[in-house]
């Protein structure tokens, strides 16, 4: 597994990098057979350190976890523990996923936009119905089954996931509802 360990405006020493590689590698290998790369980012907010970890599996699935603590090692350990808990919860489904799928998840290219929030202007009506684009990024849309999409959304800790349904080849959406259930949008063409 390849590691990218970085710090945002803080210095990451060799000892911390070794600690991250040893502990994260051990936790992920226990539950996921073929992790490809891991990105771990450390930052500092006031008196707390923030650790955000993302691990990409060879099947195209992604696992994310983050944690805060007053010490940098404690922040990483908490994030690694969250990631291990997620992987442990989905271990059986991840193993079954590997058996059913001979090829990695197919990814389609897509664009992701961040739009300006017009509500800051007060009660004034906007001049046009075209929103102002603040940022544009590339985004990958995986081809998954509905079950795999729900698992991917929960592993990533995301509130919503856009995916290409393997059975219908349509773009679908799964999302977390306010009542705790999962919603699924499957448009008819």
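The table that follows gives values for the structure above.
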| quantity | calculated |
| --- | --- |
| Residue-span extension gain [residue 17 to residue 37] - 0.36 nm each, minus C-alpha spacing | 5.8 nm |
| DSSP beta bridges in segment 2-90 [antiparallel fraction, %, rounded to 5] | 70 |
| Relative contact order computed over the chain (Cα-Cα under 8 Å; 6+ residues apart), in percent | 14 |
| Using a Förster distance of 35 Å, the FRET efficiency for residue 107-residue 52 (Cβ separation, nearest 0.05) | 0.95 |
| Peptides ranked, highest mean first, by Cβ atoms within 10 Å: ranges 38-45, 4-11 | 38-45, 4-11 |
| Order of 71, 81 under a 10 Å beta carbon neighbour criterion, fewest first | 71, 81 |
| DSSP beta bridges in the chain [antiparallel fraction, %, rounded to 5] | 80 |
| Extension gain, residue 156 back to residue 115 (0.36 nm per residue minus Cα-Cα distance, nm) | 12.5 nm |
| Contour minus Cα-Cα distance for residue 70 and residue 168 (0.36 nm per residue) | 30.5 nm |
| Entry for volume of the Cα convex hull per residue in Å³ (calculated from the structure that is shown) out of (1) 123; (2) 191; (3) 174 | (3) |
| Residue 81 versus residue 135: modelled label distance in nm, points set 7 Å from Cα along the beta carbon direction | 3.0 |
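Quick note: the coordinates plus some simple rules give every number you see, no bench work behind them. These numbers come from a predicted model, not from an experiment. Cβ coordinates were reconstructed from backbone atoms using ideal geometry, including for glycine residues, and neighbour counts include every protein chain displayed.
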